[in-house]
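Single-structure report; data block below.
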Amino acid sequence: MRNLGVVAHIDHGKTSLVDKLLQSSSTVPEALKAQSSQVQGEGQRLMDSGDLEQERGITITSKPTRCIYKDHVVNIVDTPGHADFAGEVDRILSMVDGVCLVVDGGEGVMSQTKYVMERAVHANLQPIVFLNKLDRDGGLTMVESGQVETEIFDLFIQLGANDSQLEYPTYYGSAKMGWVTDNLDDAVKVVKGEASPDAYGMEGLLDGFLTNIPPPTGPDVGDNGPFSLAATMVGYDKYLGRTLTGKVYSGSLEANEKVIYLPRDGGIIEDKKAALATSITGVFAYEGVERKPLPGGVAMPGDIVTLSGVPDTIAVGDTLTGEGKPVREPIDTPPLSPPTLSMDFGANDGPLAGKEGTIVQSSRIRARLQSEVDNNVTLSIGVSETDGEKTVVFARGELQLGILIEQMRREGYEMTISPPKIVFSTSPAGDVMEPYEEVTVDVDSEYSGTIMSALTGDRKATMLEMNEVDGKVRMKFDMPTRALLGFGPEALTMTRGSAVVNHTFVEMREHAGPLGEGLEKGKLVCSEAGKATGYALNMIGERGTLFVEPGDEVYPGMVVGENSRAGDLDVNAVRAKGLTNVRTVLKEEKANIAVAEKKSVEEIIAYMGDDEVIEVTPKSVRLRKRVLDAGERSRIARVKKQQREAAKENKAAKGGGGKKKR
């Protein structure tokens, strides 16, 4: 048996690699192989089965699968590559014995590559490196120069890899085209058309797994000790009920055996043992993407299995063990990075509440969020400090929150969601601490100065390094997480789509102070209720960027666009052209209405101001002011302006006093 995780930076080809490995094994049926080939032909992947995963081309949830190769059971786990889902990576690494690091040959080591390999090296996992996408432009050139392999080796040294880990094998190929080799010269011949890729199938990489990844090891592997399994993924099936996926650490388990669980925070209350005990109704494993009964029916140490009939209250990180012969302590699961953002979720209280959704109660929203927390250990919830009816959700980034909101929206929920707040902490000395990120930006050389100015100015970033290769510049910055909000879409706009921004959490540091005022965007705010008209939008479009189209439902306080100047501007988006009884012989007027800019949920999260909320329904995502009344908003704005001016005068007075003293 071999257990390994496939890890990489986002969009470096992990999922495509797993799909091709499944097709090369003897486990996956021919019909499923044909389905995988058809799906990949459409630019999608079989392992990314969720709707949002297919639409966005990213992996959100880790997925285990099992294949048989040369009489060996190979458990392979595909993991997310985006930093916001890094918690999934931590959980997967705790149940594998090795990792296959996939690196895009044309991009080399990226920020998330460092993150996942740091976790793998510290967990003492044996690595294999696969340089992917050699058939892409620039991929072979970068690899032939030795730059990518040097970057990877330097990374392992930097992370403190031991001698065994530094002797990792390197494979070259293209997961999408389905070929791999451990010889760079052979890879060059395939890319240049001097050799057929059919001669270098994915079996070479599977052989590498068997040779270089060790079998499961541990103090209880191979003996009859008490059964224990760490819950890595928890879910619900309409036929099987509560399900649990994880790795068996010790002992064995089969259907109809009674189990209890130990919470991950330690121990179990003795008088609740009987109430928590349940009988296992099924032991399953994934073959390809199909869940099937485990061959033999008995889960042994090292097996990665899915169980049904588990306790309803079990959560990710808890330890499942036998009722008659339990282990004394829960399995130690790896610590996770702290959350960096929080948002308040509550019932929709806008003027259009209840018109588009079926689930509108705050209690049902909280129950749905609680079930999400049960399945995802990287999320946590609590009761909002400002409103007891609202639920505050803590997460790693705007993409993770955006995916959650989008999933709930599609399930029929109506919600009002507050602006994101950075999760601060306090040091032992009493200083306010905030999260910092390492940010990597790849951009065309001509835009490097623009990016540098944008980050080192109002956003308070510090440049760490800058390298230029073939007209592309890679810059690395160190900056507060709150300063990164909204920068991704802004970078695409200022570089004509050429910028690629990646980031990963570094540590908590002392608060950097207020950001520059240049980051505040003025909004076009609707002043009347009704349906937006083309006549009104034609005039409003001259004031800035539109977010709505003719016929969209609008109301007072709703943000209908971005003002081209600083400050908010009230506009009437429902005004119709007045009719008179005077006939005109002039030529007809032509309205050139600008195309409305449609933002995704996570883009709105990063874009919204402190005085705004998101209104989410199954049909619409609207941005509006927290206070809908224009007069009240003006009064609040005046008070804030007076407070800012008073603070500046105070600061100036203190500074002046200091100078006089000297």
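Find the residue count for the range 425-447, including only residues that are surrounded by 11 or more Cβ atoms within 10 Å (Cβ to Cβ), within 19 Å of GLY513 (Cα to Cα) and of a type in the set (S, T, N, Q). Residues flagged as surrounded by 11 or more Cβ atoms within 10 Å (Cβ to Cβ), within 19 Å of GLY513 (Cα to Cα) and of a type in the set (S, T, N, Q) within the range 425-447 amount to 2.
In this entry, MET475 is excluded by the filter for residues that are buried (at least 19 other Cβ atoms within 10 Å of the Cβ), touching a residue at least 60 places away in the same chain (Cβ under 8 Å), out of contact with any Gly (no Cβ under 7 Å at 6 or more places or on another chain) and not basic (Lys, Arg). The single condition among (1) surrounded by fewer than 22 Cβ atoms within 10 Å (Cβ to Cβ); (2) more than 23 Å from the chain's Cα centre (by Cα); (3) of a type outside the set (Phe, Trp, Tyr); (4) at pLDDT 90 or above that ASN592 does not meet is (4).
For first residues located in the range 492-504 and farther than 11 Å from ILE451 by Cβ, partners that are among the aromatic types (Phe, Trp, Tyr) and lie 6+ apart or on another chain with Cβ distances below 7 Å form the pairs THR504/TYR115. Looking only at residues of the range 317-336 that are within 30 Å of PRO480 (Cα to Cα) and surrounded by fewer than 18 Cβ atoms within 10 Å (Cβ to Cβ), we find that the one that is nearest to the chain's Cα centre (by Cα) is LEU336. If the condition is being outside any helix (DSSP H, G or I), within 36 Å of the chain's Cα centre (by Cα) and under 28 Å from GLY486 (Cβ atoms), then the range 520-546 contributes GLU520, LYS521, GLY522, LYS523, LEU524, VAL525, CYS526, ALA532, GLY544, THR545, LEU546.
Of all residues in the range 482-515, those satisfying the criterion of being part of a helix (DSSP H, G or I) and hydrophobic (A, V, I, L, M, F, W, C) are ALA483, LEU484, PHE487, ALA491, LEU492, MET494.
Within the range 384-411, the set of residues being under 18 Å from VAL360 (Cα atoms) and either part of a helix (DSSP H, G or I) or free of Cβ contacts under 8 Å to residues at least 24 places away in the same chain (or both) comprises GLY388, LEU404, ILE405, GLU406, GLN407, MET408, ARG409, ARG410. For first residues located in the range 424-440 and farther than 30 Å from VAL473 by Cβ, partners that are part of a strand (DSSP E or B) and of a type in the set (Ser, Thr, Tyr) and lie 6+ apart or on another chain with Cβ distances below 6 Å form the pairs MET433/SER425.
Does VAL148 fit the bill of being more than 24 Å from VAL500 (Cα to Cα), buried (at least 22 other Cβ atoms within 10 Å of the Cβ) and under 27 Å from the mean Cα position of the chain (by Cα)? No, not satisfied.
Condition check for ILE152 on (1) in contact with a helix residue (DSSP H, G or I) (Cβ under 7 Å, 6 or more places away or on another chain); (2) modelled with pLDDT of 90 or more: one failure, at (1). Looking at ILE365, ILE314, just one residue is crowded, with 22+ Cβ neighbours inside 10 Å, in a loop (DSSP other than H, G, I, E, B), touching a Phe, Trp or Tyr at 6+ places or on another chain (Cβ under 8 Å) and not assigned by TED's automatic domain parsing to the domain that holds TYR607, and that residue is ILE314.
The values are calculated or read from the model by the stated rules, or taken from the named source; none is laboratory data. None of these values were measured; they are calculated from a predicted model. No Cβ is skipped: glycine too gets one built from the backbone with ideal geometry, and neighbour counts run over all protein chains shown.
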